[in-house]
Each structure stands twice: as C-alpha cells, then as structure tokens.
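Here is the structure we will look at.
The values are calculated or read from the model by the stated rules, or taken from the named source; none is laboratory data. Since the structure is predicted, the reported quantities are computational estimates derived from the model, not experimental observations. Positions of Cβ are backbone-derived with ideal geometry, glycine not excepted, and every protein chain shown enters the neighbour counts.
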Amino acid sequence: MFSLCYCVGIILILFFIEMFAKIIAKRTENENRTIATLKFDNGFNQELNVQPGQCLMIWIPGINEKPFSVSKISDDHCEVTIAKVGNFTENLINKGINDNVGIRGPFGRGFKITKEKEILIVAGGVGLAPLAQLPEMNKDKNFTCAVGAKTKKDLFFIERLKTNKNTSVFISTDDGSDGFKGFVTGLAEDIIKDRISSTNHKFDLIIACGRKEMLKEVYKISKKYNICLQISADAFMKCGIGICGSCAAGKFLVCKDGPVFMNEDIDYVMNFM
Ligand SMILES: Cc1cc2nc3c(=O)[nH]c(=O)nc-3n(C[C@H](O)[C@H](O)[C@H](O)COP(=O)(O)OP(=O)(O)OC[C@H]3O[C@@H](n4cnc5c(N)ncnc54)[C@H](O)[C@@H]3O)c2cc1C
Ligand code: FES
C-alpha cells in the first residue's frame, strides 16, 4: 500500500511540476514569417539539463499543452523555435516579451554522438530546430547539413549553420527557388553518392528530423548505403511522462523511449510511422 501511494505521489509530482518561464526575446526566423524563436529566461540547462533532441511540453493556460524541442541551449537561457501550423503554435508565436508560459520537461532521449566523426544532418522544415545546435556542441566532428524547405522564403538558420567551421550547408527547396530543386532526401542521397565517389568514405552517421514521409525516405537511404541513423520521431503527446499512451509506437512510447530513436529500434519504430 505504501509503495503504491509512493508511486502515485511521484507520478503526480512529476506531472504537475510546471515551471513558468518568461520570454525575454523573440525573433522571426524566415521571410514568410511563419517561424519564430522564443528565448526564455531561466537557467534551463542548469536546472533541467536539457539535451538536444529531448522535448519540453509547453503550456499556454486555457489553450493547450504541446511538445517542442529546444533549438539552443546554454547555461543561462534556452530557445525554442516554432513553426506556425495551427491554433497552439499561432498563440505561442504571438506571445510577447515578458509573457510567461508553463514548461515541463525535458522528456525522453536526445541525440547521441560519440565516436562518429563525419555526420550528415537531414532536416525538413522546422525539423532543423533541434539539429542546428549539434555542430555548435560537437566542434571536433564534421557536419554536412542537407536542409530542405518548401520555398526559399521558408528557409531559416542557414547563416547560423554556416558560421560553424566544421559545417558544410546544402539547401533544397520543393519549388527550386534556392539550391537543389526537389525534396531534401534527394539532395541527401546526392551528397552521399558524391562523397562515396570522391573520397570512398561514407558518413559515419545520419541524423534526421522532419515529417514522417521524409523520415521514411531517409530510413531507406540509410539502409541502402548502410549508414547508422538517428531520427527524432513525431508523435501526438499529452502527458509527456509515459502514462497516457497517446504517443505509443508499438512497444515504445515516444515521450519516454524517444523522441530520438537509433540502431535497431528504428527498424521497429518505422512500422508505426
Ligand atoms: C518530440 C516533438 C518535438 C517537436 N518540436 C517542435 C519544434 O521544435 N518546433 C515546432 O514548431 N514544432 C515542434 N513539434 C510539433 C508541434 O508539437 C506541433 O506543430 C504542434 O503541436 C501543432 O499544434 P497546433 O495546435 O498549432 O496545430 P494543430 O491544430 O494541432 O495542427 C495544425 C496542422 O499541423 C499539422 N501538424 C500538427 N502537429 C504536427 C506535427 N507534429 N508534425 C507535422 N505536422 C503537424 C496537423 O496535421 C494540422 O494539419 C514537435 C513535436 C514533437 C512530437
Ligand atoms: S505522451 Fe503520454 S505516454 Fe507519451
């Protein structure tokens, strides 16, 4: 009885721990003004130790609570980059300086870069948000970034990526208004082929974040060229702490076992995407 009460107590504490964070800066990221970054005050990384790829649940009282990745982490602040797609994201983007929102997390597992030296990032749309900090946080690795957007006006973080000495940036747009014309997965495959033919070396790791269709294609490419893959999976999340089951992908809960999946877990997760 005691252990049951103890467990329920812990669950309730975890569920209700909600930190209020103040927005201290805000900027629009793309020409189409559909993507914005909010900078929060608290010493997030000291208190929460957020890792790239983990997610935070952001709560706007009276509206809803939704998952977001962190797009920049430092000791004294963190940033979240949001694409306006519906009611919640529109409300969040419309928040102003000094407004507060509730934040729970971080939840789940982030990206893990260990021995890999040559890394290919494949980012579709706002999927670039959690990936852009990887070259900044892993200066001893080389990154090649394939960044895809619908049009040139939807691109963001390109200058940020280019400032890293360890990073090459390639762009694709669906309409051909900038870079490679077509999907970012076509660009990524071209990059891999070029690399194999010019250096005879493959990438050690592909890291991808974007829509499900894109992730499925990246998965096929990783299999075709036998390159390790890490993906950030998308899911409908409610509790964020493994209780409600709304984010289930078969035996996995995306909020707990993901959102980043790697190795053989991806083979399994792909069946549910
Ligand atoms: C682990 C994780 C991390 C995320 N990180 C970020 C982030 O850093 N920045 C960010 O902008 N978004 C991120 N998202 C997605 C974000 O949670 C959704 O965009 C948001 O919940 C949409 O809420 P809404 O009410 O504005 O739109 P809704 O009204 O819920 O949806 C509007 C439209 O957008 C589509 N849509 C909704 N959710 C998604 C989604 N997850 N992926 C693709 N299309 C969707 C719907 O199909 C619908 O057509 C993340 C999601 C997950 C699971
Ligand atoms: S969001 Fe509730 S179990 Fe994952």
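Of the residues making up segment 66-92, those that are touching a residue at least 40 places away in the same chain (Cβ under 8 Å) and more than 9 Å from ligand 1 (Cβ to nearest atom) are Lys72, Ile73, His77, Glu79. Within segment 219-238, if we keep just the residues that are surrounded by 16 or more Cβ atoms within 10 Å (Cβ to Cβ) and within 13 Å of ligand 1 (Cβ to nearest atom), the residue that is farthest from Lys117 (Cα to Cα) turns out to be Lys238.
Note on segment 215-270: among residues that are away from ligand 2 (no atom under 13 Å from the Cβ) and modelled with pLDDT under 90, the one that is nearest to Asp204 (Cα to Cα) is Asn263. Met273 meets the conditions (1) within 16 Å of ligand 2 (Cβ to nearest atom); (2) over 21 Å from Arg109 (Cβ atoms) in every case but one. The failed one is (2). Condition check: among the small types (Gly, Ala, Ser), touching a residue at least 60 places away in the same chain (Cβ under 8 Å) and either within 23 Å of Leu229 (Cα to Cα) or within 16 Å of ligand 2 (Cβ to nearest atom) (or both). Does Gly110 satisfy that? Yes; evaluated as a whole, the condition is true for this residue.
If we scan segment 196-212, do we find a residue that is within 11 Å of ligand 1 (Cβ to nearest atom), out of contact with any helix residue (DSSP H, G or I) (no Cβ under 9 Å at 6 or more places or on another chain) and at pLDDT below 95?
yes
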